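**Student:** Below you will find the structure I want to go over with you.
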Amino acid sequence: MNRFKYTFLLAALMVVFISCEEEETFIIPEVDALNVEDSELAHAGLARFSDIREYYTDTIIHRYIQYNMTLSSEALKMVRVEDKDFWETHKPISQLEMTNMKLWLVSPVVVPQGTADENFLGEGTERLFRMTDEGPGEPETSYRIIDGSYWMQNYSNLHDYFSYKVTGGTVKVTGTLPRLKLVFNLQMEASITKKRGTLEGELELDFQVLENR
């Protein structure tokens, strides 16, 4: 009888153990909640990286401009790719840790012959850029984020690295160039682990602007 009880107890424990393993397999990982104010993104650049582009809906012609926004904890330097100028991070050898962010933004053409400064916020002082992979919308609603990434690197430990791809959310931009305030409310996903993340908070920075007309 004791032998039977022992065998039954052992079988019950194995069932509980297997059940726990199955439950752990389906645990959703916690979301990495990042605050942009802690990222030390003190340097900012905005490059108009395309000429005016057009697309058609029925008989309406929509015209828009694409921009590359670069934010970094380190100073920026200008680089040329083909015939366009961009901002890239300049990392001093003595600096071991670095944080970077790239956002690819679209705004409608409000001033046909206007500069990047004039068209970025459409002569306004506040715009809400929304993450979308759809084509540009109507001119008054086509302030969009078409791509974005956020990453951190510790160069003293190559394993201490993580990067996220922006998957949704908004960035509200207020002010007038070169001084802009950015309010982040973004959803992200880790490139390798697929872990989810959020980036919230606000920054107020002076931007360097490249025209690329």
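The values are calculated or read from the model by the stated rules, or taken from the named source; none is laboratory data. Every value quoted in this text rests on a predicted model; they were computed, and no experiment measured them. Cβ: placed from backbone, ideal geometry, glycine included. Neighbour counts: every protein chain shown. SASA here: full protein model, heavy atoms, side chains in, ligands and nucleic acids out. Shrake-Rupley method; radii C 1.70, N 1.55, O 1.52, S 1.80 Å.
**Student:** Does GLY137 satisfy being open to solvent by less than 40 Å² (accessible area, probe 1.4 Å), at pLDDT below 85 and not basic (Lys, Arg)?
**Tutor:** yes
**Student:** Identify the residue in segment 154-213 that is part of a loop (DSSP other than H, G, I, E, B) and crowded, with 16+ Cβ neighbours inside 10 Å and, among all such residues, is modelled with the highest pLDDT.
**Tutor:** This residue is LEU177.
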